1. Kindly indicate whether any position in region 196-209 is over 21 Å from residue 51 (Cβ atoms), open to solvent by 60 Å² or more (accessible area, probe 1.4 Å), without any contact (Cβ under 8 Å) to a residue 60 or more places away in the chain and among the polar types (S, T, N, Q).
2. Only one of 305, 296 is touching a Ser or Thr at 6+ places or on another chain (Cβ under 9 Å), open to solvent by 10 Å² or more (accessible area, probe 1.4 Å) and within 21 Å of residue 209 (Cβ to Cβ). Can you tell me which?
3. If I ask for residues that are in contact with a helix residue (DSSP H, G or I) (Cβ under 6 Å, 6 or more places away or on another chain) and at pLDDT below 95, which ones from region 231-251 would you list?
4. Kindly establish whether residue 133 is at pLDDT 90 or above, hydrophobic (A, V, I, L, M, F, W, C) and farther than 16 Å from residue 57 by Cα.
5. Is it the case that residue 186 is of a type in the set (A, V, I, L, M), closer than 23 Å to residue 284 by Cα and in contact (Cβ under 8 Å) with a residue 24 or more places away in the chain?
6. So, of the residues in region 310-342 that are part of a helix (DSSP H, G or I) and farther than 19 Å from residue 130 by Cα, which turns out to be most open to solvent (accessible area, probe 1.4 Å)?
Amino acid sequence: MSRLAPLSEEPINEDDSANCSKKGLSWKNWLKTHLSLVFNKKSDLKILLSVLGCPLFPVSALSKPPINEVSSSAQYIIQHFTAATGCRKSEGTVKNIFVTGKVTMAMVDELGATVGSVAGAAGVAQKGCFVMWQMVPNKWLIELVVGGHKVIAGSDGNVAWRRTPWLGAHAAKGGVRPLRRALQGLDPMAISAVFSSAQYMGEKRISSTDCFVLKLSADQVDLADRSDSTAEMIKHVIFGYFSQRSGLLVFLEDSYLTRIQSPGTYPTYWETTMATKIEDYRLVEGVMVAHSGQSNVIITRFGDNLKAGLSVTRMEETWTIDDVAFNVPGLSLDCFIPPKEVQKDFPDENLDWRSPLHR
């Protein structure tokens with residue numbers, strides 16, 4: 001299996017590609033170029049891939065609070081989920097996961113679009129496919145090809161990175177986090193692990209399904225690690241909706257808010273919300289795995305210095321799974337080695353923020 005290259009979590013301006021190996025690009029530059037990219041129609045495919053392609057989960061799957069801080073309600077919900085998916089009996093026996101699937105992405109006309117349907121697209125829907133590998137507990141790699149562009153992201157358990165055609169390879173700021181796509185019903189073991197530390201928020205009806213709601217939030221230490229002098233990550237939270245009847249995870253909704261301010265300017269705020277419907281669970285080697293879903297994203301920009309007022313960009317993705325396999329022979333640690341550019345940018349002596357307890 002040949003080594004793949006990586007990808008980025010946020011929109012990036014193509015003009016920055018010449019400087020892609022510079023250490024300061026990963027977080028600050030995408031925020032600075034968000035304005036020109038998000039509202040530039042020629043950049044539709046780039047922003048679709050940047051936002052929808054391989055976003056990261058807000059928290060680490062390895063973070064564990066004291067047991068007395070986890071509510072009995074949350075414990076019950078996760079126990080119901082593990083029993084419903086069958087992942088409890090697979091715990092300790094699954095070493096890796098292989099997934100292939102198809103995606104369709106599009107920008108959405110906020111006035112005429114129908115939520116959950118790419119038919120409401122404001123532009124041409126872009127079709128593609130992806131391959132994903134996961135190795136327990138925190139190594140993963142995804143290769144996604146859409147509209148002739150390939151983006152790759154990965155984690156070796158110490159650093160998460162991404163590579164795009166317009167930026168090159170760069171490391172994610174902050175600690176290592178799971179791939180959100182894997183937690184969209186594809187990896188029940190990881191879902192169980194990450195939500196085992198969640199806060200119980202009550203009940204809510206989603207798409208005619210009565211659900212229990214669990215909440216996870218990035219802590220202040222990690223938010224600070226993902227910020228810099230001009231871009232402050234204020235919050236990153238996610239809600240998981242578990243069906244009261246089936247016990248399965250049927251909906252994910254997360255949002256993050258960023259404050260951007262350069263010296264001598266007014267602050268601008270960016271809020272990105274992603275809502276994902278998860279469905280079509282099927283039995284794979286004794287484990288229930290989701291085989292389709294839809295994600296809808298709303299990016300809102302606001303602030304006192306915006307003459308046009310509130311600006312909103314919408315996009316969406318539908319996805320289907322073709323194949324899932326556990327314990328694939330031949331998958332080794334070498335498959336998750338970061339690219340040389342990332343290794344050079346982040347030498348060993350500067351890896352304090354990459355603790356496994358990054359969330």
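The values are calculated or read from the model by the stated rules, or taken from the named source; none is laboratory data. The model shown is predicted, which means the values in this text are computed figures rather than measured ones. Every residue, glycine as well, gets a Cβ built from its backbone with ideal geometry; the counts of neighbours run over all protein chains shown. These area figures cover heavy atoms from the full protein model, side chains too; ligands, DNA and RNA do not enter into them. Shrake-Rupley method; radii C 1.70, N 1.55, O 1.52, S 1.80 Å.
1. We begin by selecting, within region 196-209, every residue over 21 Å from residue 51 (Cβ atoms); these are 196-209.
Those left that are additionally open to solvent by 60 Å² or more (accessible area, probe 1.4 Å): 199-201, 203-205, 207-208.
Okay, now just the ones that are also without any contact (Cβ under 8 Å) to a residue 60 or more places away in the chain, so 201, 203-205, 208.
In the following step, the residues that additionally are among the polar types (S, T, N, Q) were identified as 208.
Yes.
2. Exactly one residue qualifies, and that residue is 296.
3. 231, 233
4. On the way: at pLDDT 90 or above: yes; hydrophobic (A, V, I, L, M, F, W, C): yes; farther than 16 Å from residue 57 by Cα: yes.
So residue 133 passes the test.
5. On the way: of a type in the set (A, V, I, L, M): yes; closer than 23 Å to residue 284 by Cα: yes; in contact (Cβ under 8 Å) with a residue 24 or more places away in the chain: yes.
Answer is yes for this residue.
6. Step one: of region 310-342, the residues part of a helix (DSSP H, G or I) are 333-336, 340-342.
With the extra rule that they be farther than 19 Å from residue 130 by Cα, the set shrinks to 333-334, 340-342.
Working: 333: 106, 334: 101, 340: 143, 341: 70, 342: 2 Å².
Here the answer is 340.
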